[in-house]
Amino acid sequence: MINLIPRPCSAKECGGMVPFSSNTRLTGEFGSIFEPLSQLLPAPVSAGDNQLTFVHDGHIAKEGYHITCTGQDICIAASDAAGAFYGVMTLLQLCAGKDRFEAVEIEDQPRFSHRGFMLDCARHFWSVEKIKQILDIMALLKMNVFHWHLSDDQGWRVEIKRYPLLTQKGSIRKSTPLSLRGYEEHMEPHDNTEYGRGLFYTQQQIRKVVAYARSRFIEIIPEIDMPGHLVSAIACYPELSCTGEVVEVCDRWGVMDNIACCGKEDIYRFARDVIDELCELFPYPYFHIGGDEVPKTRWKKCPHCQAKIRELGLRDEEALQGYFNNVIAGYLKEKGKYTIGWNEILKSEALDHHIIPQWWIPLDDSVREKAWLAGGGKMILSFLPYVYMDHAYAMRPLEKTYSFGPESLGVTEDTNILGIEAPQWTEYIRDEEKLDFNTFARLMAIAEAGWTERNRKDYQDFACRLESMREYFASIGAVIPPAWIYRGESLGSPLPDEQAWAEKTYAAWGDDPYFELKFAGKKTSE
Ligand code: ACM
Ligand code: ZN
């Protein structure tokens, strides 16, 4: 059996073992990848010298590759450096930590060009080391976009030199909501402990992460969510809001009414300034402006917003958000960037066609999304019921995530779909153990959903490969849950009361009974 995730277009075993280790000499085209690759090759145990030759072949699709083995030597043909790199990622998986693999012939290319993962670093902060580990695993899975959610109501996590308060004050909240049990009991238990002081990425760290990702053919898309989900910035610069009142960084989860005022100039200036600094750090063609969950309650009462609506002859508050989106997208376009926003941005008509919606919720029976695609607009798919990673496996089985594709949304053509991206929101993910538990198995499912053609996908086959590769993945830090969780088998033992409530609340709010149970004793005594 050829164990590879994502499953390639075609693969056959040719008999005999081929050494692959740091004793293997890299030669031929795509020389720029040799140095970074040499760091990733397995240590030799008994593998002798052999040769891996890279060949340029313009007939091979973008990011695709063709592996052939002749005797002890290997050839990878590709039309671009990314394809050559992915050929090596395939060899690393075939070796699974050893210094040799069974000779193969493989032809492969991706279904989609955007194969992404989003990490919420605002609700909980993840170290540079953790992000590098995730980037390593993404690369191995041939994923190529890391969407970095850097700000939200509960914390600002990126150094902006022109606005120092964002990280001095905006990164800190007074307390963190702990458990969903509180929702059941109509109270919200907090840990009453300050969170976030010093927890942000410096510009220097970002440069290093960008370089690290780049050598693994991963683009990083920064997201600054605007004009909603911005309380951490409003807490530092109250003039950004409609009322200008002084507020704290949020210490509860949810959708906040306190959004930026798009009737005043302040948010436009702030957005341009932040974009200026971030565009220096992220040398990629995309910038994410959020745009999700923007209640218009305050705008309806705000004299500035109402005056702006009248001045511009806009229909309503949705149109004001549309205006804001277009102004910011125009600014980004001048810098040569495409703007991405969550699909609520489609609520406003006359959205600039340069903007790329990221489809996470259904709006009005998806009429707007389908019309956007029919009109030639591009889109990224992150549909919550399939791909959100923060929810329990009991609520969102791995098989459902694996099955996702445009077809799940009734979209019959791939043409305008850039690809698939799975977000990991971290309100209830407080430590790396749970992050891993909820992330890595799904990352593998998403990698295959984004890469492998629909007719080559098969969940049972995928689950077998996942199981066969469990130890290898664990050895590189990608710990996956026990098979009973992703195979969808019943929990086995009778449900204790604790588990019953956890499942119920988690079905609604999306945490995980496995971990709630584990931490319940600790949490309830806090
Ligand atoms: C989102 O989950 N609010 C994009
Ligand atoms: Zn306003």
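Could you please let me know if F20 is over 18 Å from L141 (Cβ atoms), over 29 Å from the mean Cα position of the chain (by Cα) and crowded, with 16+ Cβ neighbours inside 10 Å? Outline the logic, then answer.
Numbers: over 18 Å from L141 (Cβ atoms): yes; over 29 Å from the mean Cα position of the chain (by Cα): yes; crowded, with 16+ Cβ neighbours inside 10 Å: yes.
For F20, the condition - over 18 Å from L141 (Cβ atoms), over 29 Å from the mean Cα position of the chain (by Cα) and crowded, with 16+ Cβ neighbours inside 10 Å - is met.
Of the residues that sit in the range 237-250 and are more than 16 Å from ligand 1 (Cβ to nearest atom) and surrounded by 20 or more Cβ atoms within 10 Å (Cβ to Cβ), which one is farthest from R197 (Cα to Cα)? Can you show your working first?
Kept after step one, since they are more than 16 Å from ligand 1 (Cβ to nearest atom), are these residues of the range 237-250: 237-249.
With the extra rule that they be surrounded by 20 or more Cβ atoms within 10 Å (Cβ to Cβ), the set shrinks to 240-242, 249.
Numbers: L240: 22, S241: 24, C242: 27, V249: 12 Å.
Among residues in the range 237-250 that are more than 16 Å from ligand 1 (Cβ to nearest atom) and surrounded by 20 or more Cβ atoms within 10 Å (Cβ to Cβ), the one farthest from R197 (Cα to Cα) is C242.
For the range 253-291, which residues satisfy the criterion of being within 16 Å of ligand 1 (Cβ to nearest atom), in a loop (DSSP other than H, G, I, E, B) and open to solvent by less than 10 Å² (accessible area, probe 1.4 Å)?
I259, I289, G290, G291, listed by residue number.
Restricting attention to the range 470-489, which residues are open to solvent by 10 Å² or more (accessible area, probe 1.4 Å) and under 19 Å from the mean Cα position of the chain (by Cα)?
First pass over the range 470-489, keeping only residues open to solvent by 10 Å² or more (accessible area, probe 1.4 Å): 470-472, 474-477, 479-480, 482-485, 487-489.
Within the range 470-489, G477, V479, I480 qualify.
Please determine, by comparing only the residues of the range 447-469 that are over 22 Å from the mean Cα position of the chain (by Cα) and of a type in the set (D, E, K, R), which one is surrounded by the most Cβ atoms within 10 Å (Cβ to Cβ).
Out of the qualifying residues, it is R465.
Which of the following residues is farther than 30 Å from A11 by Cβ and among the polar types (S, T, N, Q): S127, S113?
Working: S113 fails: farther than 30 Å from A11 by Cβ.
Every option except S127 fails the conditions.
For the range 44-59, how many residues are within 17 Å of M89 (Cα to Cα) and buried (at least 22 other Cβ atoms within 10 Å of the Cβ)?
2
(1) within 16 Å of ligand 1 (Cβ to nearest atom); (2) modelled with pLDDT of 90 or more: which one isn't true of E407, the others all being true?
So the condition that E407 fails would be (1).
Would a scan of the range 316-326 turn up a residue that is more than 16 Å from ligand 1 (Cβ to nearest atom) and exposed (fewer than 13 other Cβ atoms within 10 Å of the Cβ)?
So in the range 316-326, the residues more than 16 Å from ligand 1 (Cβ to nearest atom) come out as 316-320, 322-324, 326.
Filter once more, so that each one left must be exposed (fewer than 13 other Cβ atoms within 10 Å of the Cβ): none.
The answer is no, given that none of the residues of the range 316-326 is more than 16 Å from ligand 1 (Cβ to nearest atom) and exposed (fewer than 13 other Cβ atoms within 10 Å of the Cβ).
Tally time: how many residues in the range 345-360 are part of a loop (DSSP other than H, G, I, E, B) and open to solvent by 40 Å² or more (accessible area, probe 1.4 Å)? Write out each step before concluding.
First, the residues of the range 345-360 that are part of a loop (DSSP other than H, G, I, E, B): 348-354, 360.
Checking which are open to solvent by 40 Å² or more (accessible area, probe 1.4 Å) leaves us with 349-350, 352-354.
The qualifying residues number 5.
In the range 196-236, what count of residues is obtained for those that are outside any loop (DSSP other than H, G, I, E, B), within 23 Å of Y338 (Cα to Cα) and of a type in the set (A, V, I, L, M)?
7
Any residue at all in the range 239-258 that's closer than 19 Å to I345 by Cβ, of a type outside the set (G, A, S) and at pLDDT below 95?
Yes: the range 239-258 contains one or more residues that are closer than 19 Å to I345 by Cβ, of a type outside the set (G, A, S) and at pLDDT below 95.
What residue, of G450, G376, is more than 16 Å from ligand 1 (Cβ to nearest atom) and in a loop (DSSP other than H, G, I, E, B)?
On the way: G450 fails: in a loop (DSSP other than H, G, I, E, B).
Being more than 16 Å from ligand 1 (Cβ to nearest atom) and in a loop (DSSP other than H, G, I, E, B) holds for just one of G450, G376, which is G376.
Of the conditions (1) in a loop (DSSP other than H, G, I, E, B); (2) more than 22 Å from I275 (Cα to Cα); (3) within 16 Å of ligand 2 (Cβ to nearest atom), V294 satisfies every one except a single condition; which number is it?
Answer for V294: the failing condition is (2).
The values are calculated or read from the model by the stated rules, or taken from the named source; none is laboratory data. Nothing here was measured: the structure is a model prediction, and the numbers come from that model. FYI the Cβ positions are ideal-geometry reconstructions off the backbone, even for glycines, and counts take in every protein chain you see. Just so you know, the surface numbers come from the protein's heavy atoms only, side chains and all, with ligands and any DNA or RNA stripped out. Shrake-Rupley method; radii C 1.70, N 1.55, O 1.52, S 1.80 Å.
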